[in-house]
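Participant: Dumping the structure here so I can ask a few things about it.
The values are calculated or read from the model by the stated rules, or taken from the named source; none is laboratory data. Because the structure is predicted, anything quoted here is derived from the model rather than measured. Glycine gets a Cβ as well: all are built from the backbone with ideal geometry, and neighbour counts include every protein chain shown. Heads up: the accessible areas ignore ligands, DNA and RNA and are worked out on the full protein's heavy atoms, side chains in. Shrake-Rupley method; radii C 1.70, N 1.55, O 1.52, S 1.80 Å.
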Amino acid sequence: MPSQINLQLTGRIGNVVFYKLGDKYYARSIPAQVKQTKATKARATEFGKASRIGKILRHQLLPVIPFPTDNKMQTRLVSLIFKWLQANSKMTIEPVDAVPFINKFQFTEGYSLQERWKVPLEVIHPSPGLLRLKIPAFIPARSISAPAHTVSVVCKISAAGCNVDKGIATGCYSTSLQFDYNNVEVLEQIISLPLSTPTGSLVVTAMSLEYNIPKNGLVQKTTNKAFMPAGIVNVFYV
């Protein structure tokens, strides 16, 4: 905190700055410069890269993120991306089918997507530029947890890619499916997701659920946060 002094000085002596404000003279100390080590600089660089990747992925996955401005969600995602980058900081990142830390990330709090959606999913990368999401046959009323009076469920699906080293988007694709919420079996489906997958890309597939319920004579999407699950179902690095 500045303090008034009797000396009429201006300028700097060591880490003390003398200055005039109005008709009075003050002095304040300035913090010593802290030299960053190579490890600290590298860590800062990696965190900056994680922040860019997180921002790019969130932007491309907007169709499945119910609360995109949630700062806590953004911080959690960046932290996990940073953790993955740190785990590979001393070696070349190798292609992997299930990226640790980020896999199964939840965009919403409370019950996870996997707890609400009990249908096993499989993401296949059969060729460059194409993903396939395999959904086995299931009965909605048995395999999806839903609020009372639900008449249908919308499943939103998005896939997105980001070049890790360059920090640029490589493309995204979104689609959606709607199921009546009853005991009628839904047949197996394979959803094609056309998406550029160049070498060096982190490729994310995410999903969210929306529940439609009759209200005031109309069928409306529920706004109950307990039934707005959204999360990542697969992440791979190519």
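Participant: Expressed in nm to one decimal, what extension gain is obtained for the pair residue 168 and residue 70 from 0.36 nm per residue of sequence separation less their Cα-Cα distance?
Facilitator: Gain in length upon complete extension: 33.0 nm.
Participant: How large, in Å, is segment 181-238 by the Kirkwood hydrodynamic radius built from its alpha-carbon pairs?
Facilitator: About 15.0 Å, per the Kirkwood formula over Cα pairs.
Participant: Output the peptides 199-209, 78-88, 183-193 sorted from most to least packed, where packing is the average of other Cβ atoms within 10 Å over each peptide's residues.
Facilitator: The peptides rank, most packed first, as 199-209, 78-88, 183-193.
Participant: Rolling a 1.4 angstrom probe over the protein heavy atoms, how many square angstrom per residue are accessible across segment 82-238?
Facilitator: 49
Participant: Still on this structure, I have one more. What is the spin-label model distance, in nm, from residue 127 to residue 223 if the labels are put 7 Å beyond Cα along the C-beta direction?
Facilitator: Here the modelled spin labels are 4.6 nm apart.
Participant: Go through 226-233, 156-163 and give me the packing order, highest mean Cβ count within 10 Å leading.
Facilitator: Averaged packing, sorted descending, gives the order 156-163, 226-233.
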